[in-house]
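So the structure is just underneath, and the comments pick up after that.
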Amino acid sequence: MHPKLLIDAITRQTTVLIAQLSTSAGLRAPLAHVADQVFVELARELESQGLGKKVVADMFGMALRGYQKKVQRLGLLVGTRERTLWETVLEHVHQHQPISRSSLLTHFQLDGEEVVASVVRDLVQTGLLSSTGQGPVSVYRITTEHERRVMLEADVEQALGPMIWATVYHNPGLGLSELGALLNLREDDLQVAVAELVASEKLTRTEGRLTAKALLVPVGAESGWEAAVFDHFQAVVSAIGAKVRMGTLKSDVRDRLGGATLTFDVSASHPLAEDVLGLLAKVRAELNELWNRVHHHNAQSPVAESERIRVRFYFGQSVIEPE
């Protein structure tokens, strides 16, 4: 087995997804911590699989002492929520609006005029700042006066509940500190969201431990899409990981673990185009009907924890239109 090419390809594809998520809906998510987080969590996972620190250090191409010092240093940093220049400029404008372009550039002169100008232009284009005038005499203000953080924190609060719900569902029995570690958040930041999820009966708290009986983000829901994406991604990774741990990726018609990817080439006039394009809706309807039957049965006759077999079925469809 020669996994290097596969690891490189998966890394590239994952960075594409991260880049798309970081710029979704006009937001600019902070990325300064990503490389450090990947290093710390990858090191942690390798050691949890039984590899010694010296072996893991060698896998990273580092001496043992250097590896240990880096893990210790980054372990203190990962999880802190650093603010980007994008957020800082937005906050500064809010506090000093209306503010001229020259005043803004002077305040952030250490960051470089070109970088700051680019950030300001991006904020205007995404509708978070309004601009009056042109060039050096431009004046900026927040487009919505009553929102201090404007869009950013509102989106975080909206997404936090579903993300907590999904994380607990796939990791039953978590405490608040463990949940915070998985989501890179402090316990204080989780308290209110967890309390709301418990009150709405999405989560159950027993002796400080959290569990979730079900996870459901309805089709068409405007909030919670982050949890749905995370759920899809985790399902794929879990299935592939489990197959790898078995020591073989060969498939068999009797498989209960694995996956399949099929690609169909059709045209708008193809006689089977509608059958192919309608696969997502068809499979979703069939699976929702089965899920409802299982859920109804389990509500009447709950499955004992000691007997539970959890089956995670993932399906997805992408359509690439002609140029």
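The values are calculated or read from the model by the stated rules, or taken from the named source; none is laboratory data. Computed from a predicted model, the values in this text were never measured in an experiment. Neighbour counts are summed over all protein chains in view; Cβ atoms, including those assigned to glycine, are modelled from backbone coordinates with ideal geometry. Please note that ligands, DNA and RNA were not included when accessible areas were found on the heavy atoms of the full protein model with its side chains. Shrake-Rupley method; radii C 1.70, N 1.55, O 1.52, S 1.80 Å.
Return the residue satisfying two criteria in turn: it lies in region 301-322 and is in a loop (DSSP other than H, G, I, E, B) and of a type in the set (S, T, Y), and of such residues it is farthest from Y169 (Cα to Cα).
S318
So is R186 among the basic types (K, R) and at pLDDT 80 or above or not?
no
Tally the residues that are part of a helix (DSSP H, G or I) and either open to solvent by less than 60 Å² (accessible area, probe 1.4 Å) or at pLDDT below 75 (or both), restricting the search to region 22-50.
Of the residues in that region, 12 qualify.
Taking N298 as meeting all but one of (1) within 28 Å of the chain's Cα centre (by Cα); (2) surrounded by 12 or more Cβ atoms within 10 Å (Cβ to Cβ); (3) outside any loop (DSSP other than H, G, I, E, B), write down the number of the exception.
N298 satisfies all of (1) within 28 Å of the chain's Cα centre (by Cα); (2) surrounded by 12 or more Cβ atoms within 10 Å (Cβ to Cβ); (3) outside any loop (DSSP other than H, G, I, E, B) except (1).
If you go through region 92-143 one residue at a time, how many are assigned to a helix (DSSP H, G or I), under 21 Å from S22 (Cβ atoms), in contact (Cβ under 8 Å) with a residue 12 or more places away in the chain and open to solvent by 40 Å² or more (accessible area, probe 1.4 Å)?
3
How do the pairs read when you match residues in region 264-292 that are modelled with pLDDT of 90 or more with residues anywhere that are assigned to a helix (DSSP H, G or I) and open to solvent by less than 60 Å² (accessible area, probe 1.4 Å), using Cβ under 6 Å and keeping only pairs 6 or more apart or on different chains?
Sorted first by the residue in region 264-292, then by its partner, the pairs are F264/V276; V266/A273; V266/V276.
Which residue, of T144, T88, is hydroxyl-bearing (S, T, Y) and modelled with pLDDT of 75 or more?
T88
With respect to G180, determine if the residue is of a type outside the set (A, V, I, L, M), touching a Lys or Arg at 6+ places or on another chain (Cβ under 9 Å), closer than 30 Å to V55 by Cα and modelled with pLDDT under 70.
It is false that G180 is of a type outside the set (A, V, I, L, M), touching a Lys or Arg at 6+ places or on another chain (Cβ under 9 Å), closer than 30 Å to V55 by Cα and modelled with pLDDT under 70.
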